[in-house]
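Derivation of every value follows stated rules applied to the coordinates shown; laboratory data play no part. A quick note: this is a predicted structure, and the numbers were derived from the prediction, not measured. Cβ coordinates were reconstructed from backbone atoms using ideal geometry, including for glycine residues, and neighbour counts include every protein chain displayed.
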Ligand SMILES: [Zn+2]
Ligand SMILES: [Zn+2]
């Protein structure tokens with residue numbers, strides 16, 4: 001079981017996934033709008049069954065295959081990222097809107113907590129890569145497994 005809390009991925013309407021879908025020239029379908037809405041509102045990383053469950057609250061007739069296809073299309077367009085979160089919740093994959101700012105996923109291998117720090121350090125990582133290699137980073141998908149502060153504290157006190 002994964003316990004996590006996502007940071008908001010957008011601040012303005014232009015950042016919204018629906019507008020980003022339009023910007024890429026992708027056709028807007030009902031399924032894309034529903035999946036975009038689900039991902040936009042998510043405060044956690046969602047596996048496909050959870051996307052389906054939430055999508056069905058909007059359209060009870062939507063199928064798993066449609067949700068899969070939609071997630072894949074969004075992934076291929078670079079609008080959605082697929083993560084495995086160190087397989088701490090099993091073998092499934094998790095989806096999130098590709099953030100406009102770099103962030104990392106810190107996954108506690110003991111309790112399954114996922115933390116999502118963002119900020120200067122991770123932004124600077126991109127700048128450092130560019131400076132040192134000439135490569136221009138545009139997307140970053142990073143996961144780190146370890147022990148969260150709470151679990152580490154418990155271990156030390158044992
Ligand atoms: Zn994330
Ligand atoms: Zn932990």
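Quick rundown of the values:
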| item | result |
| --- | --- |
| Label-point gap, in nm, between residue 111 and residue 154 - each point 7 angstrom along Cα→Cβ | 0.6 |
| Two-site FRET efficiency, residue 132 against residue 76, from Cβ-Cβ distance with R₀ of 25 Å, rounded to 0.05 | 0.25 |
| The stretch 26-158: mean projected area of Cα convex hull, nm² | 10.2 |
| Prolate/oblate/rounded call for the stretch 57-131, Cα gyration tensor, a/c under 1.5 rounded | oblate |
| Sequence ranges 107-115, 53-61, ranked by mean other-Cβ count within 10 angstrom, highest first | 107-115, 53-61 |
| Ranked by how many other beta carbons lie within 10 Å on average, peptides 139-148, 66-75 from highest | 66-75, 139-148 |
